[in-house]
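Inspection log for the structure reproduced underneath, given as structure tokens.
The values are calculated or read from the model by the stated rules, or taken from the named source; none is laboratory data. Treat the numbers as computed from the prediction; the structure is a model and nothing was measured. FYI the Cβ positions are ideal-geometry reconstructions off the backbone, even for glycines, and counts take in every protein chain you see. With ligands, DNA and RNA removed, areas are computed over all heavy atoms of the protein, side chains included. Shrake-Rupley method; radii C 1.70, N 1.55, O 1.52, S 1.80 Å.
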Amino acid sequence: GAVVSQHPSWVICKSGTSVKIECRSLDFQATTMFWYRQFPKQSLMLMATSNEGSKATYEQGVEKDKFLINHASLTLSTLTVTSAHPEDSSFYICSASNVADRGFNQPQHFGDGTRLSIL
Amino acid sequence: AQTVTQSQPEMSVQEAETVTLSCTYDTSESDYYLFWYKQPPSRQMILVIRQEAYKQQNATENRFSVNFQKAAKSFSLKISDSQLGDAAMYFCAYRFNTDKLIFGTGTRLQVFP
């Protein structure tokens, strides 16, 4: 149980294009999902908190217009990297918490990540 | 602001031996949660163990245990009887009263046969 599916797992595209990454909770509902970015051999940096039915909350330094987040249902959040450039190349990971879980000691469930390469 | 520090970028251990990974954190809160996550080469994040700050007893999960020192703000992970499959990046993480996780910089663990 508690599976989070992230798609695509790997994408290569040309500079200037927009790329959409999906994060789905397959067997639970998630009012909140999280988007992280991870550079090689570095830690996960939280980019934004995706809230179902409302605007995402972005961390300091993250461009809202660059990284568009939509959380239209209780099982799907999308991250769109707009007008992507080589510096946007990175590993992007999403996570979700089950609305049925009580307490903040309950784990977040992570997707397998998306490797984004911008040429 | 809360921060999480892992001072060991890399550690190595021989198979069947024991290794301890260090983690310290900074917070002014009294009630929070701590986690250790493992990230193997597949890059999937796997929860290893978790600890509630209000619990004095150290958490254990099979070969994995923690040494939680609340006053010192220290949360180390001990891996006993290390196995080749334990080789991975290990991240310490902190959570307060939101879902948001704050991760440390990670420790790469190598396991030698």
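Observations
- Take every Cα pair under 8 Å whose residues are at least 6 apart in sequence, average their separation, divide by the length of chain B, and the relative contact order is 37 percent.
- Heavy-atom accessible surface that A and B bury in contact, both chains counted, 1.4 Å, Å² to 100: 1900
- Ranking B:25, A:58 by solvent-accessible area of protein heavy atoms (1.4 Å probe, all protein chains present), from largest to smallest, gives A:58, B:25.
- For the residue pairs A:20/B:38; A:14/A:66; A:41/B:100; A:20/A:64; A:41/A:66, the C-alpha atoms sit more than 20 angstrom apart in A:20/B:38; A:41/B:100; A:41/A:66.
- Accessible area ranking (1.4 Å probe, heavy atoms, ligands and nucleic acids excluded), largest first, for A:17, A:57: A:57, A:17.
- Chain A - charge dipole about Cα centre, Lys and Arg +1 at Cβ, Asp and Glu -1, debye rounded to 20: 140
- The relative contact order of the stretch A:66-119, computed from alpha carbon pairs under 8 Å that lie at least 6 residues apart in sequence, is 34 percent.
- Sorting B:26, A:88 by solvent-accessible area of protein heavy atoms yields B:26, A:88, largest first, with a 1.4 Å probe.
- Counted charge near residue B:81, where neighbours are those whose Cβ lies closer than 14 Å (Asp, Glu -1; Lys, Arg +1): -2
- With DNA, RNA and ligands ignored, accessible area of residue B:112 (1.4 Å probe; Å², nearest 10): 100
- Centroid-to-centroid, using Cα positions, the stretch A:40-82 and the stretch B:88-110 are 19 Å apart.
- Ratio Rg/Rh [Cα only; Rh per Kirkwood] for chain B: 0.95
- Simple spin-label estimate for residue B:17 and residue A:101 gives 3.4 nm between the two label positions (7 Å along the Cα-to-Cβ direction from each Cα).
- On the beta carbon distance between residue B:26 and residue A:82, with R0 = 45 Å, the FRET formula returns roughly 0.80.
- Dividing the mean sequence gap of close Cα pairs (under 8 Å, 6+ apart) by how many residues the stretch A:1-103 holds gives a relative contact order of 35 percent.
- Mean partner shielding of peptide B:89-97, defined as the number of other chain Cβ atoms within 10 Å of each residue Cβ, is 2.
- Student exercise, the protein assembly as shown dipole from Lys, Arg, Asp, Glu Cβ charges, in Debye to nearest 20: 200
- Highest-fluctuation residue, A:41, A:14, A:64 considered, GNM on chain A with Cα pairs under 10 Å: A:41
- Chain B, dipole about Cα centre (Lys/Arg Cβ +1, Asp/Glu Cβ -1), debye to the nearest 20: 160
- Fully extended contour minus Cα-Cα distance, from residue A:70 to residue A:117, at 0.36 nm per residue: 14.7 nm
- Set of lysines with alpha-carbon distance to residue B:55 below 19 Å, sequence-local pairs under 8 removed: B:70, B:73, B:78
- Per residue solvent-accessible surface (Å²) - chain B, probe of 1.4 Å: 49
- Sulfur and carbon atoms: percent of accessible area, the protein assembly as shown [1.4 Å]: 48
- Projected label distance in nm at residue B:61 and residue A:10, using a 7 Å step from Cα toward the beta-carbon: 2.8
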